[in-house]
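The values are calculated or read from the model by the stated rules, or taken from the named source; none is laboratory data. These numbers come from a predicted model, not from an experiment. When we count neighbours, we look across all protein chains shown, and the Cβ atoms used for this are built from the backbone with ideal geometry, even at glycine.
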């Protein structure tokens, strides 16, 4: 939690657990005015882009900030990188408004979630994910990487333990656009988070927001990039993430930052939106989006099982959406009996859904509960499957695509999930 002190951001005792010093916090600049985080801070328009041009793509251009080796950057930024989000955004989300009742009412039947980082492990204490699940939380996002230099050492532990406790999970990448191109950072995120589709894994999340290091970099909240270059950087990340994971990443941001730093680009409206805002019955959305999929409404939550009381990020899922969970590529031996549920966060909220599937191997069909059942027949080979679902209470819809390999019977397991072999899409 952050409080205002003499116009600058000051850390509470909980933040002191990470020994974040005043100079580190000063890198984020003065505290913004309390209130609407969707309003850009006055006097901080995007600076003229001073990064050197590159013949291939402006999104992959190298900036002066990249001259420092990643290891040195990681050492100097360790305390701030351990935070779930930038100090400025955490400050914005720590306002006096306690929106849980309003936020959950706006979202319909509550599907609550949290997001965590190394900060949520004070004194190296593990999160009790069974307790988190027991408190009613259904999903979690875990900060995995930052820029091209930081990996959260708790990522694998948290993702595995949260899934074991029954939560839907995802890893997220904190973008540092002046420390390398969008595509390399997407590869860095996927590689170091060990991201893989299937089971309870939500799409990878891109956290793109205020520059926590503007003071030390001599830039601004937009990392010194112009609107065009920032938009190109995001496009490169999204394209690479989609190619690597088979799914469009979720974009996490605020309406204010998006307006200030992309000029209100509408190029990414097909990607799911995880919006951060406090103090609203309905959060303001960045340009191009008409609905949010996830909403982070507070940074001051207390969650049973998490050792940072008053300093845990709280989120909710929009139950008018669907958010199908990609089950991953499948492998079945001919004539094997199959029962594969295609899960979704809307179903977790007990929203009525209708399903359809195309491209299934002969002998398989999807039930009204979203379970693919039957005995695989027909010719052996690879089938390209699309499962679609419609939220009949709202009209929202979503789909996933994956492959299904049918092989001749053998002594191997009859049905199993495979590593992702080809791109799939979710909406």
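Among the residues of region 142-173, those identified as in contact with a strand residue (DSSP E or B) (Cβ under 7 Å, 6 or more places away or on another chain), free of Cβ contacts under 8 Å to residues at least 60 places away in the same chain and farther than 17 Å from residue 191 by Cβ are 158, 162, 163, 167, 169. With respect to the conditions (1) at pLDDT 90 or above; (2) touching a strand residue (DSSP E or B) at 6+ places or on another chain (Cβ under 8 Å), residue 74 falls short on a single one, namely (1). Each residue in region 264-276 was checked for being surrounded by fewer than 18 Cβ atoms within 10 Å (Cβ to Cβ) and either within 20 Å of residue 170 (Cα to Cα) or in contact with a strand residue (DSSP E or B) (Cβ under 9 Å, 6 or more places away or on another chain) (or both), and 1 pass. Filter region 305-326 for residues that are out of contact with any helix residue (DSSP H, G or I) (no Cβ under 7 Å at 6 or more places or on another chain) and surrounded by fewer than 22 Cβ atoms within 10 Å (Cβ to Cβ) and give the result. Result: 309, 310, 320.
Residue-wise test of (1) assigned by TED's automatic domain parsing to the domain that holds residue 91; (2) over 23 Å from residue 119 (Cβ atoms); (3) touching a residue at least 40 places away in the same chain (Cβ under 8 Å); (4) crowded, with 20+ Cβ neighbours inside 10 Å.
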{"position": "253", "(1), (2), (3), (4)": "yes, no, yes, yes"}
{"position": "259", "(1), (2), (3), (4)": "yes, yes, yes, no"}
{"position": "262", "(1), (2), (3), (4)": "yes, yes, no, yes"}
{"position": "278", "(1), (2), (3), (4)": "yes, no, yes, yes"}
{"position": "293", "(1), (2), (3), (4)": "yes, yes, yes, yes"}
{"position": "303", "(1), (2), (3), (4)": "yes, no, yes, yes"}
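The helices (runs of 4 or more DSSP H) found entirely in region 95-190 that carry 2 or more residues being surrounded by fewer than 17 Cβ atoms within 10 Å (Cβ to Cβ) and modelled with pLDDT of 95 or more are 129-134, 155-164.
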